[in-house]
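A short reminder: the numbers here are calculations on the coordinates, not readings from a lab. Since we're looking at a predicted model, the values are computed, not measured. With ideal geometry, Cβ positions are generated from the backbone for all residues, glycine too; neighbour counts draw on all protein chains shown.
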């Protein structure tokens, strides 16, 4: 039947896209290493005072271990600013313990309830930035585990005045449950390859905020952080404004790590919908056409429809998906956990189809147990 042939369109598009992401990953990591040597100044010649800002909200898995890595940076001049918005936040006990254990690190713990907008993460960063002394501000989420060379790597490209924002990639790790493995695969097998694909092909702007550095003069030129507090995808908006001001966004061929912390399947579902809503808010048309690169669900539908060579189509589709993910994980991301759980990827992709549909039709999103309506990319909080 004709409609069966239509099911093969996204299957073919997805297989081609997955192969292209592996090529783009290779180009990104090989070319970027060479470009970094050109774009970055001589080692040690650009080492401005840096404010490493860590927004914190509640207790998370491995919170102490992740936050403490900010104090272990092999960088000459920096301060660490941990910021919370709730004076009763249980994470404060962890922050005080870190301050006690690292007395030699210049450190601030900011407690500020001001909310300049509905985006809680951005409001928390803004509150911290009011106390920052650095020429460069680095934003790193509380679940990021930072190696000792992280600051040196992300800051160095900003010595080139053409670059306004510097970012690094980051992979998910430390999964312990079924839901967390699904999250890890979503991140490492979908999000990271898509960011690299967009960067290499210039298909769209990418500026992930969980690992982001910006010079203070650039931030002031684009209007500061405050105007971003109403946007759902505040990191994309910061990057967009920097590009409009004539600056470039630099991606270092460096992979940090971000933890996954989910209590149940509902938490996974909400987080997945939230992620896809971020993509939809940043690039609505592009997000709609990601339907064409969701090959496994359509290959399953084709198999159930009894189309010609259905088993071969399904086997080939799953094979290409697993092979390209293995390439990306083994050679580039060094994602050993993802490789162990790679058999769950077809299940994740099938569930991802329903996540895509939900994020396409839903106007509400949930973040940290707060509910918002999304209107033209901006957030409006509603009663829970």
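Brief remarks on what is shown
- Between the range 51-77 and the range 247-261, the alpha-carbon center distance in angstrom: 15 Å
- Percent RCO, i.e. relative contact order, over the chain, from Cα pairs under 8 Å lying at least 6 residues apart: 23 percent
- Helix 234-244 vs. the chain, principal-axis angle (Cα, 0 to 90°, nearest 10): 80 degrees
- To the nearest ten degrees, helix 345-361 and the longest principal axis of the Cα atoms of the chain are 80 degrees apart.
- FRET efficiency for residue 312 and residue 340, using Cβ-Cβ distance with R0 set to 30 Å, rounded to 0.05: 0.60
- Nearest 10 degrees, 0 to 90: helix 310-327 Cα axis against the chain principal axis: 20 degrees
- Global form of the range 277-358, assessed from the alpha-carbon gyration tensor, a/c cut-off 1.5: oblate
- One decimal place: the segment residue 288-residue 373 gains 28.7 nm when fully extended, by the rule 0.36 nm per residue minus the C-alpha distance.
- Alpha-carbon centroids, the range 173-242 and the range 290-328: separation in whole Å: 29 Å
- Among beta bridges that DSSP assigns inside the range 26-262, antiparallel share in %, nearest 5: 30 percent
- Added length on full extension, which subtracts the Cα-Cα distance from 0.36 nm per residue, residue 86 to residue 176: 29.5 nm
- Theoretical gain in end-to-end length, residue 331 to residue 99 [0.36 nm per residue, Cα-Cα removed]: 79.8 nm
- Solvent-free Debye scattering, log10 I(q)/I(0), computed from the Cα coordinates of the range 26-262 at q = 0.08, 0.14 Å⁻¹: -0.28, -0.91
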